[in-house]
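Read through the structure below, which is laid out as structure tokens, and then see the notes.
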Amino acid sequence: MNGQVTTLLSPLAVYASRIFHPAAIATLALLLVLYFSGVAFLVSVGWVCLFLLIVLVPLFLVIAYNVRTGQYTDWDVSVREQRYGVFALVGTCVIVLLIVLHLAQAPRIMVGTLYAVIVATVMSAIINTFLTKVSLHTVAVAGSAAILLIVSAPMALLMSIIALLVAWSRVALGHHTTGQVILGGFIAVFCVWVVFSLYRFV
């Protein structure tokens with residue numbers, strides 16, 4: 001672990017990064033946002049399944065193929081130069097989902113959430129290309145906390161605690177610097193603030 005994590009805390013850092021993976025956090029947060037905004041639970045599950053089908057399943061298949069063929073070093077796509085395609089794929093899938101959501105008259109807060117994802121994806125891609133590797137784990141969990149604050153302060157607080165744990169784990173495991181995780185959190189919160197300030201999705 002690069003000598004950065006003690007023997008006692010190493011498992012905690014590993015499990016925090018794995019359990020609170022961006023895909024898992026995004027799925028859970030979207031379900032919570034929809035439910036606490038007043039959407040019936042089963043309806044919320046339906047919208048989340050659409051998100052999984054259009055965004056996460058294609059992303060999973062592409063990453064799995066590239067890891068298996070050796071084009072990606074790992075499932076986190078840790079190498080900065082290997083992330084270009086990931087950003088492009090996420091952006092494309094989210095745009096497709098947004099078109100479907102508009103046609104299906106999805107809950108406005110879900111539409112707003114996906115717009116925030118698009119903005120965060122673009123910002124992260126630009127910074128990743130020209131400056132440094134952004135912690136996508138931190139982007140996901142901090143963005144989730146920011147959006148949850150709109151509908152449920154207790155859930156936002158819980159997600160914020162998770163965000164701190166995840167940020168610590170990414171640095172402790174040597175995957176990111178402190179600056180990179182802080183940058184990821186800033187991008188997420190900034191994008192949510194901009195999108196939900198300009199457009200009334202709630």
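Key figures
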{"item": "Only listed residue being at pLDDT 85 or above, surrounded by 15 or more Cβ atoms within 10 Å (Cβ to Cβ) and either under 30 Å from ARG108 (Cα atoms) or among the polar types (S, T, N, Q) (or both), chosen from LEU53, LEU42, LEU34", "result": "LEU34"}
{"item": "Test: residue in the range 121-128 that is without any contact (Cβ under 8 Å) to a residue 40 or more places away in the chain and under 15 Å from the mean Cα position of the chain (by Cα)", "result": "yes"}
{"item": "Test result for ILE95, open to solvent by 20 Å² or more (accessible area, probe 1.4 Å), part of a helix (DSSP H, G or I) and out of contact with any Asp or Glu (no Cβ under 8 Å at 6 or more places or on another chain)", "result": "yes"}
{"item": "Any pair with Cβ under 6 angstrom, 6 or more apart, that starts in the range 96-111 at a residue that is under 21 Å from TYR35 (Cβ atoms) and ends at one that is open to solvent by 50 Å² or more (accessible area, probe 1.4 Å) and among the β-branched types (Val, Ile, Thr)", "result": "ILE109/VAL202"}
{"item": "Residues satisfying the stated conditions in the range 163-179, i.e. surrounded by fewer than 20 Cβ atoms within 10 Å (Cβ to Cβ), outside any loop (DSSP other than H, G, I, E, B) and not aliphatic (A, V, I, L, M)", "result": "TRP168, THR178, GLY179"}
{"item": "Residue count, the range 137-164 (criterion: over 20 Å from LEU31 (Cβ atoms) and among the hydrophobic types (A, V, I, L, M, F, W, C))", "result": "1"}
{"item": "All positions within the range 121-146 that are surrounded by fewer than 24 Cβ atoms within 10 Å (Cβ to Cβ), of a type in the set (S, T, N, Q) and not in a helix (DSSP H, G or I)", "result": "THR132"}
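The values are calculated or read from the model by the stated rules, or taken from the named source; none is laboratory data. All of these numbers come straight from a predicted model, not from anything done at the bench. Every residue, glycine among them, receives a Cβ derived from its backbone with ideal geometry; neighbour counts consider all protein chains shown. For accessibility, only protein heavy atoms count, side chains too; no ligands or nucleic acids. Shrake-Rupley method; radii C 1.70, N 1.55, O 1.52, S 1.80 Å.
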